[in-house]
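Any read-out appearing in this document is the output of simple, stated calculations on the displayed coordinates, not a laboratory observation. Quick caveat, the model's predicted, so the values are computed rather than measured. Here the Cβ positions follow ideal geometry from the backbone for every residue, glycine too, while neighbour counts run over all protein chains shown.
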Amino acid sequence: MQFRMQEMMAKGLKSTIQEDLDVSGLFKGRIDVIRTSPLHVSLEVVGHDGFITADGELSADLELACSRCLEPTKGHNTVIPFFEQFKPASKGDAEDGTGEDEDSDFVEIEGDKLDLKPFVEEALQLFMPFAPLCDDKCKGLCQTCGQNLNERTCGCNNERIDPRFDSLKDLFKD
Ligand SMILES: [Zn+2]
Ligand SMILES: [Zn+2]
């Protein structure tokens, strides 16, 4: 997944990546990630005049734990669209007055070597849901006894009514 930028841009080279990347190390310590398959990277990398594009998708089979009940979530197969544009970092003292806008969509790369791996890994990490759910309606675990409330109800009384709601209830009384 490494390219020489100058050559790609000068010759307008095109390259296809079909590669499996081991990403198991990225999620060490995350209890909500039960298992990850290798990340399949499918990208087309094209050299243009002055920049390089990488376009395609990443796919993986991710087994995540529900953030409420800790059971595995369904629907593992994940496809993440990937699009990134790279260009050589501009010289620090370039005062050429072309007015290049600072917040462009290009990632600036120092040196001639473009390594896509960190960008691919970052895209996967950004995609990972913060709080995965097995189901939108997951009832979670009982906060008193730990029973999975999707399987059965327990006898615990976890109801705690905020006193502020009492007055609200009166408002909606007909
Ligand atoms: Zn759940
Ligand atoms: Zn309970």
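General remarks:
- Formal net charge of residues neighbouring ALA123 (Cβ-Cβ distance under 13 Å; K, R +1; D, E -1): -4
- Evaluated over the range 2-135, the count of Lys pairs having alpha-carbon atoms less than 25 Å apart is 13 (only pairs 8 or more residues apart or interchain).
- Total formal charge among the other residues, if their Cβ is under 14 angstrom from that of GLU7, Lys/Arg +1 and Asp/Glu -1: +2
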